[in-house]
Amino acid sequence: MHWVYYLSNRFRLFLLGLLSITIISSCSEEHQSENEGTSKPNVIPEDVHSQQVLLGRYLFYDKALSIDSTVSCASCHQQQFGFADNVAMSLGHHRKKGTRNALALSNLKEHPYFLWDGAASGLEKQVLIPLNDSLEMNLDILDVAKRLSGNEFYQDLAERAYQRPLDPFVITRSITAFEHTFLSNQSRYDNYLNGDNNALNEEELLGMDLFFSDRLKCAECHSGSSFTDYSFQNNGAVTNYERDSGRIRLTFKESDRNLYKVPSLRNCEVSAPYMHDGSIATLEAVVEHYASGGQLIPQKSNKISGFELSLKEKSALISFLRTLTDDEFLTKEELSDPFEE
Amino acid sequence: MKILLSLLAFALVLSSCRKDEPDDYATTSKVYLNVVHKFNGNPLSDNDTVVDINGHSVFMNLVDLKMYLSGFSFDNTSLDGVVLLDANNGQYYIGDIKPGDYSKISLGIGLDSVLNASDPVTFESAHPLSYNQGMYWVWATKYRFFKVEATADVDGNGVFDDGIVYHIGTNDMYRQTEFTKAISVESGEDVIINLEVDWFKFFNNLDLSSESNTHTVNDVPLATKVADNALGVLSIQ
């Protein structure tokens, strides 16, 4: 009975939504969320933190955050790909092509800054960037707040979670709260570190030794629990650095030309393609790049000088990189699209 | 017992702070900045203004003018106000000061690195640092320090078809300046500082036919020139 009432209520809302979409689309280019009126949770959690995360989860997956309501954060940051995208350049609103490869997202609390050039000093401030980007979502956060101001579900949740309407503060805080739950720490490599000696097989152990060896030097940049020391480096992997000069864009310092942040390697098995321009398609090709020593470019780190690798070693190194895949993380319900529940 | 003692100590510290607070605060004066805008010495008007730049008569139509002032101090006492000027004359509260004789006023054009790292969505919408002010550079997660936008008729064809845009920001572009000024602050009386802003001075030594556009990143040398010009824009009466 309850259920039927709920449904019919939803249906009324849906009709209302449809009506407003027709009205709105007839007077302007802007559209309401396609997701409007679809599944909302039946149960709102009691504790404030869970409410904040839930609100952020809906916003992260809501296409209403883009000018033409076709793109959500999750369009370019897909859970199954480690919250990266499976194309070199993701498509933004009106299918506009971006200029950089979408970064995978995990364990973001550990990161001191964000983006390939380090332009974003905090996760909350980072939220504004894709919204504002003319190639990504192209909808100013003030307009997002305006667009969602009539959405009872969001307003109710915002009041509960933050005691204020869904304003830019709430939008950035809640999305960040959701992103902070992107914890990837259950890979087979983590299990190995946690004392499960059988978590890695012999080949993977060989790959691990190679990764941390002085010969390959991978861990001189990809160190720590996220496999990055957060430094800015050039690894010579890209053939054309002219299109994107990296960190110099931000600092204007010649010494920062063509430098990019050392990316996390967690879930790198599923976050292909690789590098800031997505120009390397597979882990095999990444390893071949490092073995060859890469492009001759003045800014290239002296830690990248090439090495000999037997076929067995090469496959072992790749196998090791695959042990950083956290299947639990890639499939976890709480991180998935709430509109599809 | 230990906890009790430390609580006691804490309470003592608190109450000792409290004791001298009222005396201190009762006698401080509020400081206001009274801002008058000019263009080449004349009152700033919406009308097209003829200016002489490098010997050419240029018609100028000012479209958008905004500028942050911060880092105020009287001698070595700092005031924590942040002001976002637009083209309207007005009065801005910039902080409190103790009575005494001061001889120097310092201020910054733009925001120091700490203010520049603020998160704009944490301020009320009317606050100078709020996102709503349209001064935040989202891509860099930093603020524009000032905006000077105009349309001009540089080539004299009678049409305002030459756009001028100076958006200056990033920590390197912060400029500090100081004025010698004898100020005697009387207990409890408001202090009013008369500041004149002459926007024409932003164009000092610029060749508008080639130096008309910088968002800082795309032309750092020009941005540096304009930021340096900003020092000449302010004067204290």
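The values are calculated or read from the model by the stated rules, or taken from the named source; none is laboratory data. Owing to the predicted nature of the structure, the values given are computational and were not obtained by experimental measurement. Please note: Cβ atoms are built from the backbone with ideal geometry, for glycine as well, and neighbour counts cover all protein chains shown. Heads up: the accessible areas ignore ligands, DNA and RNA and are worked out on the full protein's heavy atoms, side chains in. Shrake-Rupley method; radii C 1.70, N 1.55, O 1.52, S 1.80 Å.
Of B:Val159, B:Val217, A:Val286, the order by accessible heavy-atom surface (1.4 Å probe, DNA, RNA and ligands excluded), from most exposed downward, is B:Val159, B:Val217, A:Val286. With a simple spin-label model that places each label point 7 Å from the Cα along the Cα-to-Cβ direction, the separation between B:Asp80 and A:Val43 comes to 4.5 nm. What is the set of long-range amide H partners of B:Ile53 at a cut-off below 5 Å, with H atoms built 1.01 Å from backbone N? HN-HN under 5 Å from B:Ile53: B:Val58. Across chain A, the relative contact order, built from alpha-carbon pairs under 8 Å that are at least six residues apart, equals 20 percent. The residue list B:Leu84, A:Leu309, A:Ile175 was ranked by how far each Cα lies along the charge dipole of the protein assembly as shown toward its positive end, using unit charges on Cβ atoms, and A:Leu309 comes out on top.
The GluC sites (Glu not before Pro) of the stretch B:174-228 that DSSP puts in a loop, and whose beta carbon has at most 16 other beta carbons within 10 Å, are B:Glu186, B:Glu189. For the stretch A:231-236, backbone phi angles converted through the Karplus equation (6.51, -1.76, 1.60; θ = phi - 60°) give residue-by-residue couplings of 7, 9, 9, 10, 9, x Hz, Gly and Pro being listed as x.
For Cα pairs less than 8 Å apart in space and 6+ apart in sequence, what is the mean separation divided by the residue count of the stretch A:147-241, i.e. the relative contact order in percent? After rounding, I find 9 percent. Couplings 3J(HN,Hα) for the stretch B:91-107, derived from phi with the Karplus relation 6.51 cos²θ - 1.76 cosθ + 1.60 (θ = phi - 60°), are 10, 10, 7, 10, x, 10, 9, 6, x, x, 9, 10, 10, 8, 10, 10, 7 Hz, where x marks Gly and Pro. Put a plus charge on the Cβ of each Lys and Arg, a minus charge on the Cβ of each Asp and Glu, and nothing anywhere else: the dipole of the stretch B:73-128 about its Cα centre is then about 140 debye. Taken about its Cα centre, the protein assembly as shown carries a charge dipole of roughly 540 debye when the Cβ of each Lys and Arg holds +1 and the Cβ of each Asp and Glu holds -1.
Packing, as the average of other Cβ atoms within 10 Å across residues, places the peptides A:268-280, A:109-121, A:209-221 in the order A:268-280, A:109-121, A:209-221, highest first.
Of the options A:Ser90, B:Val50, A:Pro165, report the single residue whose Cα projects farthest towards the positive end of the charge dipole of the protein assembly as shown (beta-carbon charges: Lys, Arg +1; Asp, Glu -1). Value: A:Ser90. Rounded to the nearest 20, the size of the Cβ-charge dipole of chain A about its Cα centre is 760 debye, with Lys and Arg at +1 and Asp and Glu at -1.
Based on DSSP H segments of at least four residues, each scored -39500 (n - 2.57), chain A has a per-residue ellipticity at 222 nm of -11000 deg cm²/dmol.
Sites listed here are trypsin sites (Lys or Arg not before Pro) in the stretch B:175-217 whose DSSP assignment is loop and whose Cβ has at most 15 other Cβ atoms within 10 Å, and the list is empty.
Counting Cβ atoms of other protein chains within 10 Å of each Cβ in B:137-146 and taking the mean gives 5. Peptide A:169-178 shows a mean partner chain C-beta count of 2 within 10 Å per residue C-beta. Which residue, chosen from B:Tyr32, B:Thr216, A:Phe114, occupies the Cα position most advanced towards the positive end of the dipole of the protein assembly as shown, where the dipole is computed from +1 (Lys, Arg) and -1 (Asp, Glu) charges on Cβ about the Cα centre? Result: A:Phe114, furthest along the dipole toward the positive end. For the stretch A:308-322, backbone phi angles converted through the Karplus equation (6.51, -1.76, 1.60; θ = phi - 60°) give residue-by-residue couplings of 7, 9, 6, 4, 5, 5, 4, 5, 5, 4, 5, 4, 4, 4, 6 Hz, Gly and Pro being listed as x. How high is the relative contact order of chain B, in percent, with contacts defined as C-alpha pairs under 8 Å that are six or more residues apart? So the answer I get is 24 percent.
The order of A:Ile297, B:Ile97 by accessible area, most exposed first and with a 1.4 Å probe, is A:Ile297, B:Ile97.
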